[in-house]
Amino acid sequence: MTCISNMSEDFGRPELSRYSRIGLLGQGAYGKVYKAHDTVSGEFIAMKKTLHDFAREGVPTTVLREICLLRELKQENIVNLKDVVVAENRLYLIFEYVEYDLRKFMKEVLGSLDSLQIREIIRQILVGVYFCHSHRVLHRDLKPENVLINPANMQVKIADFGLARVYQIPTRPYTNEVQTLWYRAPELLLEVPDYSVAVDMWSVGCIMADLYRKAPLFKGTNEEEQWVEICKVMGTPTEATWPGLSQFRNFSFLPIHPKQDLALFVPQIDPAALNLLSLMLTFDPASRISAKQALQHPYFA
């Protein structure tokens, strides 16, 4: 409840008249995001307008969660929430403006990147993820659209904490309806209830593969097809590679797929990068590399 009471202090801050809208950046289930000019500071900002009527419907849980977490997570690789404003019975979240998300960046700029620049992008993502995990926060929706990048200085920012949450040790059951399908960890596909930080590391691995391939590695259209797409590349897991696998509620005996050489699917990747990628794309969450361990990997030497 501390966050809610603190948030109410923003209600008396300057009205939206200080912000001059420039154009629509994007739209999702919970709101629209505009590019705007802050006439007081002279900076460009990103303004997220929630669609829910604050007076009639209250504040959506996802928005409250995002505000609470971003107030605590102040780090250079995490997008900065600058202000929260209430106007016309709606909440407006004011963020620093970053020119590209990684999906748009990959489409428009990626062809000119070399392996060192790709490595720097992955490093910054991992630094941000490690900061979240060290503060016991699961992001739960890491994907290129939620990673921002400024091509002028290659600064990376993790964004959109609407599905993020604080986790407890020992872990307790959480919802599995998180993470975009192509970046969803195997334990979420099998609806394992007590998942933890390893779900984010699988997503980082998928993003890393995207950067080298210039296209997603696993592109299922539903959960079952996503599971099959993963197995076609990584091989069908067994009790030997993932202890306890057969006890999961949604486990089914799928056609056996042998493990493939990951290098065949991620061309032009060097051996150190390939090794790190394979450690992130490990079926067993207990064996999957952590963000801290990944940052110490020889790939970044």
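So here's what we get for this one:
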| read-out | value |
| --- | --- |
| Test: Glu88 is at pLDDT below 90, buried (at least 20 other Cβ atoms within 10 Å of the Cβ) and either touching a strand residue (DSSP E or B) at 6+ places or on another chain (Cβ under 8 Å) or in the same structural domain as Gly23 (by TED's automatic domain parsing) (or both) | no |
| All positions within the stretch 123-140 that are in a loop (DSSP other than H, G, I, E, B) and either surrounded by 20 or more Cβ atoms within 10 Å (Cβ to Cβ) or touching a Ser or Thr at 6+ places or on another chain (Cβ under 7 Å) (or both) | His139, Arg140 |
| Residue within the stretch 253-275 that is in a helix (DSSP H, G or I) and not hydrophobic (A, V, I, L, M, F, W, C) present | yes |
| Residue match in the stretch 70-86 (condition: assigned to a helix (DSSP H, G or I), hydrophobic (A, V, I, L, M, F, W, C) and under 24 Å from Val199 (Cβ atoms)) | yes |
| Subset of the stretch 91-103 (residues that are out of contact with any helix residue (DSSP H, G or I) (no Cβ under 7 Å at 6 or more places or on another chain), of a type in the set (D, E, K, R) and either buried (at least 19 other Cβ atoms within 10 Å of the Cβ) or without any contact (Cβ under 8 Å) to a residue 60 or more places away in the chain (or both)) | Glu99 |
| All helices (runs of 4 or more DSSP H) inside the stretch 171-251 with 2 or more residues being more than 17 Å from the chain's Cα centre (by Cα), at pLDDT below 90 and surrounded by fewer than 22 Cβ atoms within 10 Å (Cβ to Cβ) | 223-234 |
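Condition check ((1) under 14 Å from Leu211 (Cα atoms); (2) assigned by TED's automatic domain parsing to the domain that holds Arg184; (3) of a type in the set (A, V, I, L, M, F, W, C)) across all residues:
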site: His52; (1), (2), (3): no, no, no
site: Val63; (1), (2), (3): no, no, yes
site: Leu73; (1), (2), (3): no, no, yes
site: Phe105; (1), (2), (3): yes, yes, yes
site: Glu108; (1), (2), (3): yes, yes, no
site: Ser134; (1), (2), (3): no, yes, no
site: Leu138; (1), (2), (3): no, yes, yes
site: Asp141; (1), (2), (3): no, yes, no
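The values are calculated or read from the model by the stated rules, or taken from the named source; none is laboratory data. If you're wondering where the values come from, they're calculated on a predicted model, not measured in any experiment. Neighbour counts are summed over all protein chains in view; Cβ atoms, including those assigned to glycine, are modelled from backbone coordinates with ideal geometry.
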